[in-house]
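The values are calculated or read from the model by the stated rules, or taken from the named source; none is laboratory data. Note that the structure is a prediction, hence the values are computed from the model and not measured. Glycine also receives a Cβ, built like all others from the backbone with ideal geometry; neighbour counts cover every protein chain displayed.
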Amino acid sequence: MKDRLRAALTRTHQYFFRTQHEDGYWWGELESNPTMEAEYIMLTHFMGSDEGDRILRVAEDIRRRQSADGSWRMYYGAPGDLSTSIECYFALKLAGDPLEAPHMARARAFILAAGGVPKARVFTKIWLALFGQWDWKGTPAMPLDMMLLPKWAPINIYRFASWARATIVPMTIILALHPTRLPPERAWVMELYPEGPVTHALSRWKAHPFSLKGGFLVLDRAIHVYRKLPFIPGRGKAIMAAVDWIVDHQEDDGSWAGIQPPWVYSLIALSALGFPLDHPVIAKGLEGFRRKWSVPSDDGNALRVQACLSPVWDTCLAMRGLLDSGVPADHPSVQRAAAWLIGEEIRVRGDWAVYRPHLEPSGWAFEFANVHYPDIDDSAIIVTDLASARLTDDASDRARREAVDRAVAWLTGMQSSNGGWAAFDWNNDTRELANIPFADFGELLDPPSVDVTAHMLEMYGRLGYSVVHPPVRRGLAYLWEQQEHDGPWFGRWGVNYIYGTGAVLPALQALGVDMTQPRVRRAVAWLLAHQNPDGGWGETCVSYAEPTMRGQGESTPSQTSWALVALLAAGEAGHDAVARGVEFLLIRQRADGTWDEPQFTGCGFPGYGPGDRPDKYEPLDGPNSQGPALSAAFMIKYHLYRNYFPLWALGRYAQAVGS
């Protein structure tokens, strides 16, 4: 096996050497679901922006992703999702697809069978209301006054997660002004109402009248009444505060927060206030979509619009794989990646400084441009990469060391009170806010998570910190508290318990924790019990909605690699299960050093609202369950996960067996 292992590593090394951008980064597509394309079509139609043939190509991508039953889905292998299907159907009508076309008839049949527009999520209804296809009365209220509340108020924009905050600010304008721009009548979707248009279905979730969620629904109705008053004190001031916030938060590439949702809603809000297409902010925002965010198909006839860009994440993970698989720390490829990352360090204060004003700015974003929201997860791995890399000239190496020192200080200062680290925010865990009617999709909060905390602790361990270091001690206490009774850890940002466990065990090893203790052995036993007969590991996205599916699913290269990395950290290099897992990767490697992986193994939102996993799961067929379609979640396929995580696993295995 050793010769085959060395050959496999060489092939993957060569793949990364030849695919590295001349600037030093790696970057693969971040694939999500076709609401990204649908909402782009709706956005440009609402704005009245002439996009040439782009709309036809985006519409073609939507058609190509339609399932046989007429639906569109949230992730590979998922059942059809109602809201996604409604948005795709409407977007295709805006693009000119006729009502009687066979693919439209199939989509319409699926949508009506699933309950039609009244059963859709809040954001889908807001999109339809923008075009007069849903009554604004059936959308939530989002008071503009929130923009004027101080940071110490129980409810203010900085109590929400970064991604939710950047979406809520423009939404306060949209939900106050209720802008409506009717499309041509041929594009109307009244046929998607099983019993005719209705206006009362605000939330698709059931709520007890005396529950917190029920209380928020009552408050929502009160705000709707308040908003009808002829004079609302401070409304103009609140609108100006929101506009100033939006304009100030636009990134260099035209986006907001480096992700699609706040981007489209910010453009819509400004357009509703009268900003013309040639206004610099609007023009910059629309132009940004036309550049790196658009991915053409192989034949050039279709165009996909990404939800986010992942160059920093891809680069630090690829660099880690190279370093852990024997590529020298001063290899030219490593040096170019290190130099690019050093240049990407964020040296301005972002939203995090509202609650952590004493920290010196540092950290790295996930994307090419997102200075307001450095990512703790990315930054932790980048620090370990830069600490390992060696740059040949003194000035560059000094810059490397200084960046590492600044980042460690900033990351340490972002540790939350419970000992864990979140992705972007500090102490962002006011769970009550997740009950507002607005929150029936995604997550509104960014509480600490196991995987980010584990990457932080592995960083400390690789830098030489011990378990007696106070932040490490508190982080470890958080990890042990989060361990499941049977051994694994929940994965917030990757699918799912295999990802969480694959992050924790290497962190424990890096810190010199006793890997023979019962808590570690329970995790090892869980991984061994969930190996598939083909030698690999896999876990379905459905495990986010149904805990009995933990660790179960078709084997994938990335999830197999996470399991192997965990087992190797626990000292199991000689175990037969590890040999079979390595064999799984070896025999499935392609000649060019890559692997195939159609499955979605990344997670944006599990769909829980608060961000934490629930204490009690709703049955899949329950009235408040998102079901196996994961209609409230946002799953991701990182196109490079299938390549650099196997490099991690094979490289660490080679080290462990002396190959």
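Pull up region 8-23, narrow it to residues that are under 27 Å from the mean Cα position of the chain (by Cα) and either among the β-branched types (Val, Ile, Thr) or modelled with pLDDT under 95 (or both), then point me to the one that is surrounded by the fewest Cβ atoms within 10 Å (Cβ to Cβ). This residue is THR19. Give just the number: which of (1) farther than 28 Å from PRO311 by Cβ; (2) within 15 Å of the chain's Cα centre (by Cα); (3) of a type outside the set (Lys, Arg) does GLY622 not satisfy? Every condition holds for GLY622 apart from (2). Restricting attention to region 82-107, the residues being more than 27 Å from the chain's Cα centre (by Cα) and of a type in the set (Val, Ile, Thr) number 0. Residues in region 271-292 that are in contact (Cβ under 8 Å) with a residue 40 or more places away in the chain, closer than 24 Å to ALA176 by Cα and assigned to a helix (DSSP H, G or I): SER271, ALA272, ILE282, LEU286. Just one of the listed residues (TRP72, TRP27) is of a type outside the set (Gly, Ala, Ser), in contact with an Asp or Glu (Cβ under 7 Å, 6 or more places away or on another chain) and within 30 Å of LEU386 (Cα to Cα), namely TRP27. If you go through region 340-374 and keep only what is over 14 Å from TRP410 (Cβ atoms), aromatic (Phe, Trp, Tyr) and assigned to a helix (DSSP H, G or I), you end up with just TRP340. Which number in (1) in a loop (DSSP other than H, G, I, E, B); (2) of a type outside the set (A, V, I, L, M, F, W, C); (3) within 28 Å of the chain's Cα centre (by Cα) marks the one condition that ARG390 misses? Evaluating ARG390 over (1) in a loop (DSSP other than H, G, I, E, B); (2) of a type outside the set (A, V, I, L, M, F, W, C); (3) within 28 Å of the chain's Cα centre (by Cα) leaves (3) as the failure.
Which of the following residues is assigned to a helix (DSSP H, G or I) and among the charged types (D, E, K, R): GLU583, GLU554? Only one candidate passes the filter, namely GLU583.
Restricting TRP352, TRP340, TRP426 to residues that are in contact (Cβ under 8 Å) with a residue 40 or more places away in the chain, among the aromatic types (Phe, Trp, Tyr) and either buried (at least 23 other Cβ atoms within 10 Å of the Cβ) or more than 26 Å from SER255 (Cβ to Cβ) (or both) narrows the list to TRP352. Being aliphatic (A, V, I, L, M), surrounded by fewer than 24 Cβ atoms within 10 Å (Cβ to Cβ) and at pLDDT 95 or above is the requirement here; does ALA566 meet it? When the stated conditions are applied, ALA566 does not pass them.
Condition check for ASN33 on (1) more than 26 Å from the chain's Cα centre (by Cα); (2) not in a helix (DSSP H, G or I): one failure, at (1). Looking only at residues of region 590-608 that are among the small types (Gly, Ala, Ser) and in a loop (DSSP other than H, G, I, E, B), we find that the one that is modelled with the lowest pLDDT is GLY607. For region 105-154, filtered to residues that are farther than 19 Å from PHE46 by Cβ and of a type in the set (Phe, Trp, Tyr), the residue that is surrounded by the fewest Cβ atoms within 10 Å (Cβ to Cβ) is TRP152.
Here's the yes/no breakdown for (1) modelled with pLDDT under 95; (2) surrounded by 22 or more Cβ atoms within 10 Å (Cβ to Cβ); (3) of a type outside the set (Val, Ile, Thr); (4) out of contact with any helix residue (DSSP H, G or I) (no Cβ under 9 Å at 6 or more places or on another chain):
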{"position": "ARG356", "(1), (2), (3), (4)": "no, no, yes, no"}
{"position": "GLY363", "(1), (2), (3), (4)": "no, yes, yes, no"}
{"position": "ASP377", "(1), (2), (3), (4)": "no, yes, yes, no"}
{"position": "VAL383", "(1), (2), (3), (4)": "no, yes, no, no"}
{"position": "LEU386", "(1), (2), (3), (4)": "no, yes, yes, no"}
{"position": "ASP393", "(1), (2), (3), (4)": "yes, no, yes, yes"}
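Scanning region 473-483 turns up no residue that is assigned to a helix (DSSP H, G or I), modelled with pLDDT of 95 or more, in contact with an Asp or Glu (Cβ under 9 Å, 6 or more places away or on another chain) and of a type in the set (A, V, I, L, M).
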